[in-house]
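Each remark here refers to the structure printed beneath this line.
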Amino acid sequence: MNVRDPFGIHRKSALSILKTTASRAAIDLTERAVEASIHAIEKSKQAVDEFDMSFSVPKNVPSFGNPQRMMEDRAWGNTAVTARGGKGSSHTNKNSGILGEVQERVGSLFDDKNTLPMYKDKPYAYPPSQRARPIWRRKRVLGSVLLLFSLLYYFGAFGRHHDTAVSSTPIWSWLTSGSESGKIADWTKRRDRVVEAFTLSWDAYERYAWGYDAFHPISKKGEQMAPQGMGWIIVDALDTMILMNLTSRVSHARQWISTLSYDQDQDVSTFETTIRMLGGLLSAHYLSNEFPELAPLAEDDPGAPGEDLYLEKAKDLADRLVTAFDSPSGVPYASVNLGKYEGLPAHDEGGASSTAETTTLQLEFKYLAKLTGEKYFWDKAEKVMEVVDNNGVEDGLVPIYIYANDGTFRGHNIRLGSRGDSYYEYLIKQYLQTNKQELVYLEMWDESLRGVRKHLITYTEPSEFTIIGERPDGLKGPLSPKMDHLVCFMPGTIALAATGGLTEAEAKKQPTWTNKNEADMQLARELMQTCWGMYKWMATGLAAEITYFNIATPPLPESAPHKPPAEFNEDPEARWRKDFTVHSMDTHNLQRPETVESLFYMWRITGDIKYREWGWEMFKSFMNHTAVQDGGGFSSLSNANKVPPVMRDNMESFWLAETLKYFYLLFSSDDLLPLDKIVINTEAHPLPRFDMGQLFSTGWKRKPRDSDGKIIR
Ligand code: DMJ
């Protein structure tokens, strides 16, 4: 059976779409009928984006069941298979662990075949999965069940199952035990609270959904995205557990991973699988070697079968994922069939891939290339950057879709939210990953940030907050004052770029420090405050998926004077609240990490305690409003602007991989993962920085450009 339905889209759609469309329509009609119709098209697109980025059950994604998509699915069944070799290899080296040694060996890879790097010649002898296909996954049974459910639904047999309102009574006494004001904060204790939240989440998953790719903490059920599971939650959470030194849980996860096989006839998202699974495995490999004292692995005996498990799995997965790059242009296809080693174009947008998704694979593939000495991983990932850059976009701002066939952009929509975000993030991180040796990426980042200032930055009214808007119709079209929560990776990333990971105080002493760095730090501070305002504005203290802002017509330019209030007055009538708006269909909170991610960078870089305090306040809001009452873990919210909130019954894998990890790092001491030694991938998986050595180089140069960044033809 060939299920061309990577993340349960078709399996879930009939029932959830029926239910959700009905209930949402009712709410929206009464609340905001006019607004809903005006924004309908944009919203359904955004819903698709959210699904792609978070893999929550598609409750508001009507387009997934549309006839065109089904037709495409059928057509896909006829696609030729491009088989790839490269699975078998054997092993001679012991796992000596630390990267330096690996790099030395990689450097001499092709000189002496007897000194192969780590995993190279290791047998792939994993037992085949013993799991039988569950009866409910069989087509005919599924069809009948769906029909029955549809009828039951039609006759009103179901209430609102997932959208459960919960009591907002705090679960933990420490949340209510007296005021903390006046006391000196005990950050170690606060960090321990994060570990408690993590273990509660993990243990609930382990109890109710072990081995499943998705976890629904209220209904206490798991769900697979591939026939035998992908390790979606286990692999994504692994390095957080290593950092938290949760040895027995890491051990259990590792044992499960040893039985995991990616040899499954399953289409998956190239991007999501790379950042979460490949990134997770590589980071676990890095951390377990770099910090052997954290969650030590008794069974990882040098020379014994199973050593380098994470790297072996990463290499096997990468051999499958790398087929996505086998397009005419070298720009990867949106999906890959893991079992068939076959890249596949997107279902919609004329087959175009998301720009961010094609340019957010490089850290992972380059580190893997460095570890394994397999240069083609490097070359394939790098080629994408050249093709993207050869489009010669104005001021470094890229449209959010790109065709894998010819490497040209589709449409003009420019944003730093979904489908655009991590293109910019990985520019600066690629520069940092290879120890600032690849200047081309710094140049591209600088150009883009100039473009952001020139075309996307404006200030709100009446309180003059700084925002990054969108240009849905290209740079000649109007500025839309809309910010996805996703954009909140920017303050931290701007600060990281300005200092290279040093503290601001250290960076200022460097001869390279300029007025531009100074201005960038100021921009980072202002955007950080705006992102924090998104949390303060909401009833639960947890940001909405999308926030709109009140701006002038025409929008104020970046050069306009502005001075937002330093504090967010708690008064419900406070003036600053007029600058923010959240539409009723955007009130959900998916446990996303971007703001706490930026708080972490801002705290490390500026040393301003307010960022830690904001993080603590945010953490308490998560504890207060997202905890599932009976030890079930934590859930994303359908409506975070209501107390008690409406729950979604889904615990995102990035809650464990990112959000809680960033809280943990924010409350930890600064010497845990020093920012000038590592890069953190877009899914919060830390990877080391390294020198390129002899084997690798930047294999391309930028074409000459004019002052707008356009290529001089
Ligand atoms: C994560 O998968 C990653 O952070 C990605 O870059 C964006 N979307 C989610 C979290 O919001």
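The values are calculated or read from the model by the stated rules, or taken from the named source; none is laboratory data. No experiment lies behind these values; they were computed from the predicted model shown. In this analysis, Cβ positions are derived from the backbone assuming ideal geometry, glycine residues included, and neighbour counts consider all displayed protein chains.
See the values below:
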quantity	calculated
When residues of the range 253-283 are limited to those that are of a type outside the set (S, T, N, Q), assigned to a helix (DSSP H, G or I) and in contact with a strand residue (DSSP E or B) (Cβ under 8 Å, 6 or more places away or on another chain), the one farthest from the ligand (Cβ to nearest atom)	LEU282
Unique match (being crowded, with 22+ Cβ neighbours inside 10 Å and either outside any helix (DSSP H, G or I) or away from the ligand (no atom under 16 Å from the Cβ) (or both)) among LEU287, LEU238	LEU287
Residues of the range 353-373 classified as surrounded by fewer than 24 Cβ atoms within 10 Å (Cβ to Cβ) and among the hydrophobic types (A, V, I, L, M, F, W, C), total	1
Residue pairs meeting the criteria (Cβ under 8 Å; at least 6 apart or on separate chains; first closer than 16 Å to ARG415 by Cα, in the range 458-479; second of a type in the set (D, E, K, R) and part of a loop (DSSP other than H, G, I, E, B))	THR458/GLU558; GLU470/ARG415; ARG471/ARG415; PRO472/ARG415
Pair list, Cβ < 6 Å and 6+ apart or interchain, from the range 225-238 residues that are of a type outside the set (A, V, I, L, M, F, W, C) to residues that are at pLDDT below 95	GLN228/SER129; GLN228/ARG131
Unmet requirement for ARG410, which otherwise passes all of (1) under 21 Å from the mean Cα position of the chain (by Cα); (2) closer than 17 Å to GLY392 by Cβ	(1)
Tabulated pairs, the range 685-713, first without any contact (Cβ under 8 Å) to a residue 40 or more places away in the chain, second assigned to a loop (DSSP other than H, G, I, E, B) and aliphatic (A, V, I, L, M), C-beta under 8 angstrom, 6+ apart or interchain	PRO704/ILE712; ASP706/ILE712
In the range 677-709, residue surrounded by the fewest Cβ atoms within 10 Å (Cβ to Cβ) [restricted to those that are within 18 Å of LEU278 (Cα to Cα) and not hydrophobic (A, V, I, L, M, F, W, C)]	ARG689
Out of MET538, MET534, sole residue that is within 16 Å of the ligand (Cβ to nearest atom), under 28 Å from LYS620 (Cα atoms) and of a type outside the set (Asp, Glu)	MET534
Pairs where the first residue, in the range 320-335, is aliphatic (A, V, I, L, M) and the second is part of a loop (DSSP other than H, G, I, E, B) and crowded, with 24+ Cβ neighbours inside 10 Å, C-beta under 7 Å, 6+ apart	ALA324/PRO332; VAL331/ALA404
Selected residue (criterion: farthest from the ligand (Cβ to nearest atom)) from residues of the range 654-688 that are more than 14 Å from ALA237 (Cβ to Cβ) and polar (S, T, N, Q)	SER669
Residues located in the range 395-435, provided they are in a loop (DSSP other than H, G, I, E, B), away from the ligand (no atom under 14 Å from the Cβ), in contact with a Ser or Thr (Cβ under 9 Å, 6 or more places away or on another chain) and at positive phi	GLY407
Verdict on GLU349 being at pLDDT 95 or above, among the acidic types (Asp, Glu), out of contact with any Pro (no Cβ under 7 Å at 6 or more places or on another chain) and at negative phi	no
Matching residues in the range 437-457 - criterion: being farther than 15 Å from ARG415 by Cα and over 25 Å from the mean Cα position of the chain (by Cα)	GLN437, LEU439
Single residue of the range 391-439 satisfying the filter (under 20 Å from LYS703 (Cβ atoms) and among the hydrophobic types (A, V, I, L, M, F, W, C)) that is surrounded by the most Cβ atoms within 10 Å (Cβ to Cβ)	ILE402
First in the range 581-608 and touching a residue at least 24 places away in the same chain (Cβ under 8 Å) and more than 16 Å from the ligand (Cβ to nearest atom), second anywhere and in a loop (DSSP other than H, G, I, E, B) and hydrophobic (A, V, I, L, M, F, W, C), Cβ under 6 Å, 6 or more apart	VAL582/ALA544; THR587/ALA544; THR587/ALA640; ARG604/LEU675
Given (1) closer than 23 Å to LEU486 by Cα; (2) more than 16 Å from the ligand (Cβ to nearest atom); (3) acidic (Asp, Glu), number of the condition GLU357 does not satisfy	(2)
Residue match in the range 624-632 (condition: within 16 Å of the ligand (Cβ to nearest atom) and either surrounded by 24 or more Cβ atoms within 10 Å (Cβ to Cβ) or among the aliphatic types (A, V, I, L, M) (or both))	yes
In the range 193-224, the residues that are farther than 16 Å from GLU658 by Cβ and either of a type in the set (Phe, Trp, Tyr) or in a helix (DSSP H, G or I) (or both)	ARG193, GLU196, THR199, LEU200, ASP203, ALA204, GLU206, ARG207, TYR208, ALA209, TRP210, TYR212
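Residues checked against (1) within 16 Å of the ligand (Cβ to nearest atom); (2) in contact (Cβ under 8 Å) with a residue 24 or more places away in the chain:
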{"residue": "THR499", "(1), (2)": "no, yes"}
{"residue": "THR503", "(1), (2)": "no, yes"}
{"residue": "GLN522", "(1), (2)": "no, no"}
{"residue": "MET528", "(1), (2)": "no, yes"}
{"residue": "GLU545", "(1), (2)": "yes, yes"}
{"residue": "HIS562", "(1), (2)": "no, yes"}
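Matching residues to (1) in a helix (DSSP H, G or I); (2) at pLDDT 95 or above; (3) under 21 Å from SER283 (Cα atoms):
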{"residue": "VAL336", "(1), (2), (3)": "no, yes, no"}
{"residue": "GLY339", "(1), (2), (3)": "no, yes, no"}
{"residue": "LEU363", "(1), (2), (3)": "yes, yes, yes"}
{"residue": "VAL388", "(1), (2), (3)": "yes, yes, no"}
